[in-house]
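Scroll down for the structure; my scribbles are underneath it.
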Amino acid sequence: MSEENARGRIVIDLFSTLDGVVQAPGGPEEDPSNGFRFGGWQAPFEDEAVGADIVAGLQSMDALLLGRRTYDIFAAYWPHHVDGPEGMIGRIINAVPKYVASRSEWEPEWENTTRIGADVPSEVDALRDRHRSIHVIGSVDLVQTLLASQVYDELKLWTYPLVLGQGKRVFPEGATPANVRLLAPATTSPLGVLTLRYGPVDLAPQTGTVGE
């Protein structure tokens, strides 16, 4: 196995609407910034196939990478949910090493948590030498940094069949132009959730005239 192949993988997991909104899928109070009115938009689409896919991803990871806002949400919730229906997820998230990208000086209180922030792309890339499967969940601002610097191996988008017309987007105005490559055929759940898996391409977008 080559040195490159021996390094761990960074997988970005995002829940997105058809128009690319990734803000506050989990609940009304998750992120109401900028007057966002649709927090919890994912809830009506609870789907066993998507749920099984999400759990499989969590079970495969040996490190979790988060932005500061998502970290605060997770740290307030998951340490207190290690039993009941969500207990398995809570135990996984609590047990794995967690890394938080933040330029502010502060000491994380959640066990197994380390702050990074001096040089996020370089520090995140270095995690590949320490872990086999690093997952980024939510954390849209951090995701923008990773996409712009191409410090990721897979962008996994669960795309839900609704349009919101407002909210933070995975590819906002001003996003860094880039090509991506399809890693696997798209799949569709019974409730119409489309799963897309892309990897980075070291090639700038090209232009031309169709038909020439």
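The set of residues in the stretch 38-69 that are touching a helix residue (DSSP H, G or I) at 6+ places or on another chain (Cβ under 8 Å), open to solvent by less than 30 Å² (accessible area, probe 1.4 Å) and under 28 Å from D19 (Cβ atoms) comprises L58, L64, L65, L66, G67.
Specify the residue that is farthest from the chain's Cα centre (by Cα); the eligible residues are those in the stretch 6-23 that are among the small types (G, A, S) and modelled with pLDDT of 95 or more.
From the stretch 6-23, those among the small types (G, A, S) are 6, 8, 16, 20; that's our starting set.
When the remaining residues are screened for being modelled with pLDDT of 95 or more, the result is 8, 16, 20.
On the way: G8: 16, S16: 10, G20: 13 Å.
Here the residue is G8.
Just for helices (runs of 4 or more DSSP H) wholly inside the stretch 1-84: which have at least 3 residues that are of a type in the set (S, T, Y)?
Values: elements: 3-6, 48-60, 68-77.
Answer list for the stretch 1-84: 68-77.
Restricting attention to the stretch 158-178, report how many residues are out of contact with any Ser or Thr (no Cβ under 7 Å at 6 or more places or on another chain) and hydrophobic (A, V, I, L, M, F, W, C). Step through it out loud before you land on a result.
The initial filter retains those residues of the stretch 158-178 that are out of contact with any Ser or Thr (no Cβ under 7 Å at 6 or more places or on another chain), namely 161, 165-169, 171-178.
Then keep just the ones that are hydrophobic (A, V, I, L, M, F, W, C); that gives 171, 175, 178.
Final tally of qualifying residues: 3.
Selection of first residues in the stretch 201-212 that are within 27 Å of L155 (Cα to Cα) and at pLDDT 90 or above and of second residues that are open to solvent by less than 90 Å² (accessible area, probe 1.4 Å) and not aromatic (F, W, Y), restricted to Cβ pairs under 8 Å at least 6 apart or on distinct chains, gives the following pairs, ordered by first then second residue: V201/A178; V201/N179; V201/V180. In the set V136, V151, V140, V120, only one residue is open to solvent by less than 40 Å² (accessible area, probe 1.4 Å), within 19 Å of P200 (Cβ to Cβ) and in contact with a Leu (Cβ under 7 Å, 6 or more places away or on another chain); that residue is V136.
Residues in the stretch 174-212 that are acidic (D, E) and within 23 Å of V11 (Cα to Cα): 1 in all. Could you list, in sequence order, all residues of the stretch 163-179 that are within 21 Å of R197 (Cβ to Cβ) and either among the basic types (K, R) or touching a helix residue (DSSP H, G or I) at 6+ places or on another chain (Cβ under 9 Å) (or both)? Within the stretch 163-179, R169, V170, F171, A175, T176, A178 meet the criteria.
The values are calculated or read from the model by the stated rules, or taken from the named source; none is laboratory data. Quick caveat: nothing in here was measured; it's all calculated off a predicted structure. A quick note on method: Cβ atoms are made from the backbone with ideal geometry, for glycine too, and the neighbour counts reach across all protein chains shown. Quick note on the areas: whole protein, heavy atoms, side chains included, nothing else; ligands and nucleic acids left out. Shrake-Rupley method; radii C 1.70, N 1.55, O 1.52, S 1.80 Å.
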